[in-house]
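First comes the structure, then the notes that go with it.
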Amino acid sequence: MKNPIIKYSLLLLIIVSCLISKGQSSAVKDSVSAANQLYNTAKYQDAIRKYQYVIGQGFESSELYFNLGNAYYKLGNATYSILNYERAKKLAPNDGDVLYNLELARTLIVDNVVTLPEGGFLRWLKQLISSKSINFWGTFSIATFFSFLFLFGLFLLSSTFRTKRLAFWFSVAAISISAVTFTFGTTMKSKLVNHNSAVITDRSVKVKASPSETGTELFIVHEGVTVQLTDQLGDWVNVSLPDGNKGWVKESSIIRI
């Protein structure tokens with residue numbers, strides 16, 4: 001199991017000190033340091049409480065969730081290690097350590113759900129979008145939009161046909177790129193803001209054909225499986241498994257990522 005917990009400590013302390021007030025910063029930094037020390041001395045339950053304290057103060061990062069997932073993994077709690085690795089993955093979708101440990105934790109759960117293969121273009125597009133940050137796509141979109149304004153102005157003011165033609169086509173390219181990169185940024189933001197995925201946390205759950213206790217039982221799913229949430233009716237949610245199976249479960253049997 002990959003466990004690069006130490007390499008994150010300094011970075012985490014720097015980020016914490018920049019994002020929260022000076023008074024809170026000292027307490028949070030102390031908690032992170034204490035949590036790391038507890039982890040390194042195999043006091044995993046105490047480390048978990050410290051990491052959760054930091055999260056409770058409003059601070060989130062992929063490194064923090066990664067460390068929390070590691071602590072749960074050391075205690076043999078595959079479900080909550082998967083939950084926190086998934087949360088780390090949501091913030092850092094291309095982190096190799098997170099992806100490796102997530103797959104390792106999944107080998108410990110009961111259900112071996114085979115993910116339906118995605119088309120080559122769709123897989124490539126998702127990888128492209130997640131390869132950069134929201135800030136990168138936003139900055140790129142704004143820059144190309146201003147380029148469009150300049151080029152379109154040049155098109156309107158130029159007196160030569162050749163310049164007008166070049167300015168027109170380059171402006172079309174610029175506004176197209178601006179729109180695409182804006183879409184990439186909003187797609188990433190939507191994934192972060194909307195909690196449309198979850199982990200099953202009950203030991204076993206009967207998945208129903210309808211949102212009712214009397215609904216037909218379709219199949220049983222066990223704790224640790226990651227699902228997509230496609231609908232909600234009262235205290236029932238419609239879940240979609242990676243293998244394409246769908247049905248309704250009580251919301252109390254899941255925790256949103």
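Under the condition of being among the basic types (Lys, Arg) and exposed (fewer than 14 other Cβ atoms within 10 Å of the Cβ), the residues counted in the range 139-174 number 2. When restricted to residues that are closer than 30 Å to PHE140 by Cα and in a strand (DSSP E or B), the range 186-210 contains 1. For the range 97-109, the criterion of being in contact with a strand residue (DSSP E or B) (Cβ under 8 Å, 6 or more places away or on another chain), β-branched (Val, Ile, Thr) and surrounded by 12 or more Cβ atoms within 10 Å (Cβ to Cβ) is satisfied by at least one residue. Answer yes or no as to whether SER133 is of a type in the set (S, T, N, Q), modelled with pLDDT of 95 or more and either over 30 Å from GLY244 (Cβ atoms) or surrounded by fewer than 17 Cβ atoms within 10 Å (Cβ to Cβ) (or both). Judged against the criteria, SER133 is not a match.
Condition check for GLY76 on (1) surrounded by 13 or more Cβ atoms within 10 Å (Cβ to Cβ); (2) under 22 Å from THR41 (Cβ atoms): one failure, at (1). When the range 111-130 is filtered for residues that are of a type in the set (A, V, I, L, M, F, W, C), surrounded by 14 or more Cβ atoms within 10 Å (Cβ to Cβ) and more than 22 Å from VAL193 (Cα to Cα), only VAL113 remains.
Kindly indicate the residue of the range 28-73 that is assigned to a helix (DSSP H, G or I) and among the charged types (D, E, K, R) and also surrounded by the fewest Cβ atoms within 10 Å (Cβ to Cβ) among those meeting that condition. Looking at residues that are assigned to a helix (DSSP H, G or I) and among the charged types (D, E, K, R), I get ASP30. The numbered conditions (1) touching a Leu at 6+ places or on another chain (Cβ under 9 Å); (2) more than 21 Å from LYS90 (Cα to Cα); (3) in a loop (DSSP other than H, G, I, E, B) are all true for THR214 except (1). In the range 178-236, which residue that is over 21 Å from ILE109 (Cα atoms), charged (D, E, K, R) and surrounded by 15 or more Cβ atoms within 10 Å (Cβ to Cβ) is modelled with the highest pLDDT? Only one residue fits best here, namely LYS208.
The values are calculated or read from the model by the stated rules, or taken from the named source; none is laboratory data. Remember, it's a predicted structure, so these values are computed and weren't measured experimentally. Every residue, glycine among them, receives a Cβ derived from its backbone with ideal geometry; neighbour counts consider all protein chains shown.
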